[in-house]
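The values are calculated or read from the model by the stated rules, or taken from the named source; none is laboratory data. Remember, predicted model here, so these are calculated numbers, not experimental data. Here the Cβ positions follow ideal geometry from the backbone for every residue, glycine too, while neighbour counts run over all protein chains shown. Keep in mind that these areas ignore ligands, DNA and RNA; they rest on the heavy atoms of the full protein, side chains included. Shrake-Rupley method; radii C 1.70, N 1.55, O 1.52, S 1.80 Å.
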Amino acid sequence: CLATVHRAENTDDRRRLEAIVAALNRIADPACPVVLPLHPRTIRYVETYGLQFDPQVRVVPPVSYLSMVVLERNARVILTDSGGVQKEAYCLGVPCVTLRDETEWVETVQSGWNVLAGADCDRIVEAAARPIGRQTIPPETFYGAGDAADRICRLLVESTALARDDVTEGAGRQ
């Protein structure tokens, strides 16, 4: 399992952060440890509130974007309060549990790929248990077919060719 917690609504509110930490501790076990790249704000509040993680919650320093994508791709489930990570989870075909009460990516919730659990310990644990082991590509493609770079390159080549033709035609008229 991969988890990220960084939003002020979760870190600055002691009850919410306590519930999220308790859920991560309940989810983590030797068969499915939780990897948690911990944001500096979250570290500060975990220490301020005196919270403790189970040894199976593997707290690591923040990671680079590419390392994060590798962690996301190899997770059985992602638990996050990050909007970007929710969308990446969907695109990578990894079930997601959102640690918020709302999301910008409602289509991922409507399709059943993403579950809004808020900061309710029991809801988080229940939602995380459901998708474990399910690793298939989401049935709907809300964000394109993955060929945007090819289409952009093709349009650039076509527009360059058209511009060249315009220049050539214009030179012949002078």
Go through the stretch 44-59 and give me each residue that's part of a helix (DSSP H, G or I) and among the β-branched types (Val, Ile, Thr).
46, 48
The condition from (1) modelled with pLDDT of 95 or more; (2) open to solvent by 10 Å² or more (accessible area, probe 1.4 Å) that residue 79 misses is numbered (2)
Among residues of the stretch 109-127 being outside any loop (DSSP other than H, G, I, E, B) and open to solvent by 60 Å² or more (accessible area, probe 1.4 Å), the residue modelled with the lowest pLDDT is 110
I'd like the full set of residues that are over 15 Å from residue 44 (Cβ atoms) and of a type in the set (A, V, I, L, M, F, W, C), limited to the stretch 8-19.
19
What residue, among those in the stretch 20-43 that are assigned to a loop (DSSP other than H, G, I, E, B) and open to solvent by 40 Å² or more (accessible area, probe 1.4 Å), is nearest to residue 129 (Cα to Cα)?
31
Might you check whether a residue that is open to solvent by less than 90 Å² (accessible area, probe 1.4 Å), at pLDDT 65 or above and closer than 23 Å to residue 73 by Cα occurs anywhere in the stretch 128-140?
yes
Can you tell me which residue among 106, 46, 70, 59 is open to solvent by 60 Å² or more (accessible area, probe 1.4 Å), among the aliphatic types (A, V, I, L, M) and touching a Phe, Trp or Tyr at 6+ places or on another chain (Cβ under 9 Å)?
59
Among (1) in contact with a Pro (Cβ under 8 Å, 6 or more places away or on another chain); (2) over 17 Å from residue 118 (Cβ atoms), there is one condition residue 78 misses while meeting the rest; what is its number?
(2)
For the structure I just gave you, tell me whether residue 64 is hydroxyl-bearing (Ser, Thr, Tyr) and open to solvent by less than 50 Å² (accessible area, probe 1.4 Å).
no
Residue pairs meeting the criteria (Cβ under 8 Å; at least 6 apart or on separate chains; first under 25 Å from residue 92 (Cβ atoms), in the stretch 145-173; second at pLDDT below 80 and open to solvent by 90 Å² or more (accessible area, probe 1.4 Å)):
none
